[in-house]
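Q: Got a structure for you, written out below as structure tokens; questions coming shortly.
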Amino acid sequence: MVINKHGSFYLRSGWGTKIIQAVNEDEMIFTPANELQAVDNIGLGRVMIKALRYWADATGLTSEQKVQGGIREEKTDIYRLIDTHDRYFQKPGSLLLLHRNLARNDENATAWYWAFNEFEKQAFTKEEFVDGLHSYLAVNGMAIKKAAVDKEFNCFKNTYLGEKKFDIKTVADEDTYPMLAPLHLLRINDEKKYEKCSLSKADIPLLILVYAIAMDNPEESSNGGQISIDKLMEDKKQVGKYFGIRYSKLIEMLMEAENKQLLTLNNNFGNRHIEFADIQYAQLLDEYYAE
């Protein structure tokens, strides 16, 4: 588990593009010995460079490999698709994929995983979040001061919650807006509490949803297996948790996926499940970006 590896610098709009540009130029750019070169090439301070390295790995854009001479950033499939088709992260699917990777990353993005998978409160105060995460870390053998968890909350909150309204198409190069704010996954409600929001059918491209379900359940999806709707809604690291989608909306989208022959939906009372089709689900991302 990891806390504060980002140095309290939240993921900002434009940073995904900076990661791609930097790694395209030099896959060893985040090697500590190259720090001054990275500062010059990327145009951020030394502490922000360390944060950028953290976010590259935590969001699944790259996978760090220790090699002779330092750290090499191995490009992932998602990196390559976004680099080719959406380098400025203007498609909602790109942001949803980064969020999914964070929310499933219990090892390297612990607060994000905990918030969407373990934390049962839909609406909460900062104190409730900090106390809950602090207890979760302690139970799992990580002794850490509450002040550090307080900083982690601030970074988590700032990843999703912007102070100003903005349009995703006009802030691609801004380094002040939260990168994931356009997803509207977190808000401040009328009671001045933080509240996790449910994504609707309009918020999630169908191909992204089906891809996520298949990749979350690789054994079933690769063998034409089946999985219950209840598991998709209630189990950790499933779409019901990290997308917060409501049951009725999920059923609607699964019906649409069935019409497109992406899967089979069995919606009988008491036995609701999907059956995966004989297709390569990883290729759904290619279809999404080709649209």
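Q: Considering every residue within region 221-238, establish whether at least one is in contact (Cβ under 8 Å) with a residue 60 or more places away in the chain and surrounded by fewer than 19 Cβ atoms within 10 Å (Cβ to Cβ).
A: The first filter runs over region 221-238 and keeps only residues in contact (Cβ under 8 Å) with a residue 60 or more places away in the chain, leaving 221, 236-237.
Within this subset, residues satisfying the condition of being surrounded by fewer than 19 Cβ atoms within 10 Å (Cβ to Cβ) are 236-237.
Yes - at least one qualifying residue is present in region 221-238.
Q: Which residues, counting only those in region 250-291, are of a type in the set (Phe, Trp, Tyr) and either touching a residue at least 12 places away in the same chain (Cβ under 8 Å) or surrounded by 15 or more Cβ atoms within 10 Å (Cβ to Cβ) (or both)? Spell out the reasoning first.
A: Taking region 250-291 first, the residues of a type in the set (Phe, Trp, Tyr) are 269, 276, 281, 288-289.
PHE276, TYR281, TYR288, TYR289, listed by residue number.
Q: May I pose another question? List every residue pair whose Cβ atoms lie under 9 Å apart, where the two residues are 6 or more positions apart in sequence or sit on different chains, the first residue falls within region 179-200 and is free of Cβ contacts under 8 Å to residues at least 60 places away in the same chain and within 13 Å of LYS126 (Cα to Cα), and the second residue, located anywhere, is of a type in the set (Ser, Thr, Tyr) and part of a loop (DSSP other than H, G, I, E, B).
A: Partner pairs satisfying both residue conditions: LYS192/THR125.
Q: Any residue that is at pLDDT 95 or above, in a loop (DSSP other than H, G, I, E, B), more than 22 Å from SER13 (Cβ to Cβ) and touching a strand residue (DSSP E or B) at 6+ places or on another chain (Cβ under 7 Å) - is there at least one of those in region 195-202?
A: no
Q: Let me ask something else. Can you confirm whether region 25-39 contains a residue that is in a helix (DSSP H, G or I) and under 30 Å from GLU291 (Cα atoms)?
A: Kept after step one, since they are in a helix (DSSP H, G or I), are these residues of region 25-39: 25, 32-39.
Going one step further and asking which of them are under 30 Å from GLU291 (Cα atoms), we end up with 25.
The answer is yes, given that some residue of region 25-39 is in a helix (DSSP H, G or I) and under 30 Å from GLU291 (Cα atoms).
Q: Residues in region 183-190: is at least one touching a strand residue (DSSP E or B) at 6+ places or on another chain (Cβ under 9 Å), open to solvent by less than 10 Å² (accessible area, probe 1.4 Å) and either assigned to a strand (DSSP E or B) or closer than 30 Å to LEU52 by Cβ (or both)? Give the derivation first.
A: Step one: list which residues in region 183-190 are touching a strand residue (DSSP E or B) at 6+ places or on another chain (Cβ under 9 Å), which gives 185-189.
Keeping just the survivors that are open to solvent by less than 10 Å² (accessible area, probe 1.4 Å) gives 185.
So of that shortlist, the ones also either assigned to a strand (DSSP E or B) or closer than 30 Å to LEU52 by Cβ (or both) come out as 185.
Yes, some residue in region 183-190 is touching a strand residue (DSSP E or B) at 6+ places or on another chain (Cβ under 9 Å), open to solvent by less than 10 Å² (accessible area, probe 1.4 Å) and either assigned to a strand (DSSP E or B) or closer than 30 Å to LEU52 by Cβ (or both).
Q: Mind counting the residues in region 83-98 that are open to solvent by less than 20 Å² (accessible area, probe 1.4 Å) and out of contact with any Phe, Trp or Tyr (no Cβ under 7 Å at 6 or more places or on another chain)? Walk me through it before giving the result.
A: Residues of region 83-98 open to solvent by less than 20 Å² (accessible area, probe 1.4 Å): 86, 89, 93-98.
The next check asks that each one be out of contact with any Phe, Trp or Tyr (no Cβ under 7 Å at 6 or more places or on another chain); those that pass are 89, 94, 96-98.
Summing the residues that are open to solvent by less than 20 Å² (accessible area, probe 1.4 Å) and out of contact with any Phe, Trp or Tyr (no Cβ under 7 Å at 6 or more places or on another chain) in region 83-98 gives 5.
Q: If I filter region 225-258 down to residues being in a loop (DSSP other than H, G, I, E, B) and not β-branched (Val, Ile, Thr), which single residue comes out as farthest from the chain's Cα centre (by Cα)?
A: Filtering region 225-258 down to residues in a loop (DSSP other than H, G, I, E, B) leaves 225, 235-238, 243-246.
Going one step further and asking which of them are not β-branched (Val, Ile, Thr), we end up with 225, 235-238, 243-244, 246.
Numbers: GLY225: 26, ASP235: 17, LYS236: 14, LYS237: 11, GLN238: 12, PHE243: 10, GLY244: 13, ARG246: 19 Å.
Residue satisfying both the conditions and the ranking: GLY225.
Q: From LEU44, LEU61, grab the single residue that is of a type outside the set (Ser, Thr, Tyr), open to solvent by less than 50 Å² (accessible area, probe 1.4 Å) and within 18 Å of THR176 (Cα to Cα).
A: Values: LEU61 fails: within 18 Å of THR176 (Cα to Cα).
Going through LEU44, LEU61 in turn, the sole match is LEU44.
Q: Follow-up. Test LYS241 against the stated conditions and say whether it is within 23 Å of ARG104 (Cα to Cα), in contact (Cβ under 8 Å) with a residue 60 or more places away in the chain, buried (at least 17 other Cβ atoms within 10 Å of the Cβ) and basic (Lys, Arg). Write out each step before concluding.
A: Values: within 23 Å of ARG104 (Cα to Cα): yes; in contact (Cβ under 8 Å) with a residue 60 or more places away in the chain: yes; buried (at least 17 other Cβ atoms within 10 Å of the Cβ): yes; basic (Lys, Arg): yes.
Taking the combined requirement at face value, the residue satisfies it.
The values are calculated or read from the model by the stated rules, or taken from the named source; none is laboratory data. If you're wondering where the values come from, they're calculated on a predicted model, not measured in any experiment. Backbone-built Cβ (ideal geometry, glycine too); neighbour counts: all protein chains shown. The area values use the complete protein model at the heavy-atom level, side chains included, leaving out ligands, DNA and RNA. Shrake-Rupley method; radii C 1.70, N 1.55, O 1.52, S 1.80 Å.
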